[in-house]
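What follows is one structure encoded as structure tokens, with my remarks underneath.
The values are calculated or read from the model by the stated rules, or taken from the named source; none is laboratory data. On a predicted model such as this, the values are computed, not experimentally measured, just so you know. Counting neighbours? That spans all protein chains shown, and the Cβs are built from the backbone with ideal geometry, glycine included. Protein only, heavy atoms only, side chains kept; ligands, DNA and RNA dropped before computing areas. Shrake-Rupley method; radii C 1.70, N 1.55, O 1.52, S 1.80 Å.
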Amino acid sequence: MTAPGTRAGTPAQDSDDLDLEEALALVREAKDDRTDKALEDPGQPAERHRAIPWPQARETAARAARSRPRRTPVSVPLGDALGLVLATPLDALTDLPSFDTSAMDGWAVAGPGPWQVRGEGILAGHDQPEPLTDGEAVGIATGARIPADTTAVLRSEHGRSDAQGRLHAAWDLAHGQDIRPRGQECRNGDQLLPVGTVVTPAVLGLAAAAGYDTVTVVPRPQAEVLVLGDELLTEGLPHDGLIRDALGPMLPPWVRALGAEIVAVRRIGDDAKALHRAVTGSAADLIITTGGTAAGPRDHVRPTLDSIGAELLVDGVEVRPGHPMLLARTKDDQHLVGLPGNPLAAVSGLLTLAEPLLRTLAAHPAPEPYALPLKEAVQGHPYDTRLIPVVLRGDCAVPLHYNGPAMLRGIAAADALAVVPPGGARQGAETELLDLPWAAAGIGVCFT
Ligand SMILES: Nc1nc2c(c(=O)[nH]1)N[C@H]1C(S)=C(S)[C@@H](COP(=O)(O)OP(=O)(O)OC[C@H]3O[C@@H](n4cnc5c(N)ncnc54)[C@H](O)[C@@H]3O)O[C@H]1N2
Ligand code: MOO
């Protein structure tokens, strides 16, 4: 799965490989942090002090979604329900099967053979056939209704006709053989699936079989993406200090894969007033901003949240990349996740804050945590968690290069992100993994 040139698991060799630069940056930052912490430097950005550990940030995001007013369940056509969660139990609206059914192509027979075969056979979808009399057989298709007084179905490959046209069985038939009796799978009113079940393709099939045209589900959360930055181009090559917007194309499908509907993607530039208007005018459950989270002259996200009286729930996270990420409650029923502008830092923010929030809003169960041994050691940050793109090979996670905050080359080839705890992880260490939504399910499955 590794793209050519990504060099999973090979040691850094080229001068253009920035892992070394990254590592040095981590050491430098760690030293600075230690100094700052020891001296309680009043000049240190306050954000560092407010940053919370990565696991706590994820829990805070999930809790934030739980504490908002309950979202009213909605009834949606089956075709729109994939990936949503049942808000009422799926109770059978009919017996299944709803009539005694032939499980095989062959003959419905009554009593012991040989049998006299009735002229016209019975096909699936036909009305109730005439009852059989003892010693009589009738041709029958798989799925067709069983005539009254049938004792068994004889498969076509097990019957033969004699010179008089009578039907014989190759061996004894058990009573009821190859008949699916009405209600074998469920009776009308039986609970088939409980509240909280995720609607999969199989659930859609079951719901249809059980008589449903619509299902009652937790509504899909609505998200709006605001892309900040005057330096961003939407087409062509970078030029004159301008760069291509990588997040505008990346975030909407990723957010959809996390179970939300994207109601708008707006390009705001570095315009504080436009950001204010966009945030106050949005009715989405979740606003996601990109860029502008740091403390630069054009970083408008925190000042804007301040000006509208939003409550900052997460104000920096002890994670690399992505530490300036934030989560705010903008209204009773609305949150805002501020993703850093560096593209891999934005992915980190998406998975740290937006994923648990959207998952909880959608009532999706938390994925079972899982871990694999690392194929190679990963240098850690002394205090912060690191998220490192990896490919999964056999029973190992192979760390990828090009994992700097501004780079997407590693994540674009990755199957998962490894959660490297503060201090790092040695070769072979069992390391928690965050799956990427398309790695397991396939791109067509998750982006419907
Ligand atoms: N003095 C400090 N400066 C910075 C700190 C810090 O602690 N002190 N943190 C750095 C870290 S870490 C990050 S991450 C970034 C976060 O920056 P912002 O969220 O304010 O984002 P911007 O400044 O707008 O952009 C950062 C970087 O990313 C590029 N960018 C932005 N949007 C996009 C996009 N849609 N597609 C592609 N690239 C994008 C932007 O051009 C910048 O290069 O702050 C550091 N600074
Ligand atoms: O290190 Mo920043 O949070 O990721 O670019």
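Its residue count N sets the reference 2.2 N^0.38 Å, and the alpha-carbon radius of gyration of the chain equals 1.37 times that reference. On the chain, 53 percent of the accessible area sits on carbon and sulfur atoms, based on a 1.4 Å probe.
On the principal axes of its alpha-carbon atoms, region 235-327 has extents of 39, 34, 30 Å, going from largest to smallest. Between A425, A362, A110, the Gaussian network model of the chain with springs among Cα atoms under 10 angstrom shows the greatest mean-square fluctuation at A110.
When the chain is treated as a Gaussian network with alpha carbon springs shorter than 10 Å, the biggest mean-square fluctuation among E430, E355, E130 belongs to E130. Going by amide H atoms built from the backbone, whose H comes under 5 Å of the H on V215, apart from near neighbours? Under 5 Å from the amide H of V215 lie the amide H atoms of V76, L78, each far enough along the sequence or on another chain. Charged neighbours of I268, selected by a Cβ distance under 12 Å, balance to 0 (K, R count +1; D, E count -1). Extension gain for L93 to T133 (0.36 nm times residue separation, less C-alpha to C-alpha distance): 11.1 nm.
Computed packing ranks the peptides 379-392, 51-64 as 379-392, 51-64, most packed first, by mean other Cβ atoms within 10 Å.
Between the residues I262, V203, L132, the greatest Cα displacement towards the positive end of the dipole of the chain, with unit charges on the Cβ of Lys, Arg, Asp and Glu, is found for I262. Given their separation in residues at 0.36 nm each and the Cα-Cα distance between them, N188 and D240 gain 11.8 nm when the chain is fully extended.
Per residue, the chain reaches -6500 deg cm²/dmol at 222 nm when only DSSP H runs of four or more residues are counted, each adding -39500 (n - 2.57). Annotation: per residue accessible area for the chain equals 48 Å², rounded to a whole number [probe 1.4 Å, protein chains only]. Using Cβ point charges alone (K and R +1, D and E -1), the dipole size of region 60-114 about the Cα centre works out to roughly 860 debye.
Considering only V217, P73, M325, and ranking their Cα positions along the charge dipole of the chain that arises from unit charges at the beta-carbon of Lys, Arg, Asp and Glu, the one farthest toward the positive end is M325. Take the alpha-carbon centre of region 170-239, take the same for region 269-283, and report the distance between them in whole Å. One Cα centre to the other: 37 Å. Karplus-derived 3J(HN,Hα) values for region 334-345, using 6.51 cos²θ - 1.76 cosθ + 1.60 with θ = phi - 60°, are 8, 10, 10, 9, x, 8, x, x, 4, x, 6, 5 Hz; glycine and proline are entered as x. A simple count of charges around T330, restricted to other residues whose Cβ falls under 14 Å of its Cβ and scoring Lys, Arg +1 and Asp, Glu -1, yields -1.
For R267, the amide hydrogen comes within under 5 Å of the amide hydrogens of V227, counting only partners 5 or more places away or on other chains and with H modelled in the peptide plane. Say we join alpha carbon atoms closer than 10 Å with springs in a Gaussian network model of the chain; which of T200, T289, T72 then has the biggest fluctuation? Residue with maximal mean-square fluctuation among T200, T289, T72: T72.
For the chain, the dipole from Cβ point charges (+1 on Lys and Arg, -1 on Asp and Glu) about the Cα centre works out to 620 debye, to the nearest 20.
In terms of the mean number of neighbouring beta-carbon atoms within 10 Å, the peptides 102-109, 267-274, 344-351 order highest first as 344-351, 102-109, 267-274.
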